[in-house]
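The values are calculated or read from the model by the stated rules, or taken from the named source; none is laboratory data. Here the structure is a predicted model, which means the values were calculated and not measured. Glycine also receives a Cβ, built like all others from the backbone with ideal geometry; neighbour counts cover every protein chain displayed.
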Amino acid sequence: MSRRYAFRVAEGPADREACFAVRKDVFVAEQGVPEDIEYDTHDAGAVHVLAVAEDGTPLGTARLLHGAAAASKNGGDPAVGSLGRLAVTREARGLGVGAALVRAIEGAARDQGLAAVDLHAQTHALGFYERLGYEAYGPEFPDAGMPHRAMRRAL
């Protein structure tokens, strides 16, 4: 696979469906997350970022919650965005797509005037986020049947 890809904020139904298709492949099919909890009411108001190959094939996605939706996830701070649903297709792993998606979400958070980004990382991914400047805090907790930790990075 080519190492060339582009990112964009998902605009319109086709981009959103591409984001949801990547999430379904990664979270539902690969990781066994029940489909009825993968998609939630926050999707409608979230900023979704989509990574695509040169030929338009979706490679990855992530979403940013802000305002009240983010505050409901991060302990009540409306100045902190919530990065979530970061998913990269099996074929695109190892190409830097995940790290680039995190940086794209951080850019979107800055555009929203946010001071920091929070996330709930699967524990096997802690090192990935630590390399990007995130720090874990609080105890481990289950989410969708998998162990997670809260992490934050100031912008």
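Assorted remarks:
- Wholly enclosed helices (runs of 4 or more DSSP H) of the stretch 1-120 bearing at least 1 residues modelled with pLDDT of 90 or more: 12-23, 35-38, 97-111
- Single match in 70, 62 (criterion: touching a Pro at 6+ places or on another chain (Cβ under 9 Å) and either in contact (Cβ under 8 Å) with a residue 12 or more places away in the chain or closer than 17 Å to residue 150 by Cβ (or both)): 70
- Yes/no for residue 91 being more than 25 Å from residue 155 (Cβ to Cβ) and either without any contact (Cβ under 8 Å) to a residue 24 or more places away in the chain or small (Gly, Ala, Ser) (or both): no
- Of all residues in the stretch 13-40, none that is at positive phi and in contact (Cβ under 8 Å) with a residue 40 or more places away in the chain has its Cβ atom under 9 Å from the Cβ atom of a residue that is β-branched (Val, Ile, Thr) and surrounded by 12 or more Cβ atoms within 10 Å (Cβ to Cβ), 6 or more apart or on another chain.
- Test result for residue 6, touching a strand residue (DSSP E or B) at 6+ places or on another chain (Cβ under 7 Å), small (Gly, Ala, Ser) and surrounded by 14 or more Cβ atoms within 10 Å (Cβ to Cβ): no
- Residue match in the stretch 121-143 (condition: part of a helix (DSSP H, G or I) and more than 23 Å from residue 33 (Cβ to Cβ)): yes
- Residue 87 vs. criteria within 22 Å of residue 14 (Cβ to Cβ), touching a Ser or Thr at 6+ places or on another chain (Cβ under 7 Å), surrounded by 19 or more Cβ atoms within 10 Å (Cβ to Cβ) and not basic (Lys, Arg): yes
- Selected residue (criterion: surrounded by the fewest Cβ atoms within 10 Å (Cβ to Cβ)) from residues of the stretch 111-134 that are touching a His at 6+ places or on another chain (Cβ under 7 Å) and under 13 Å from residue 147 (Cα atoms): 123
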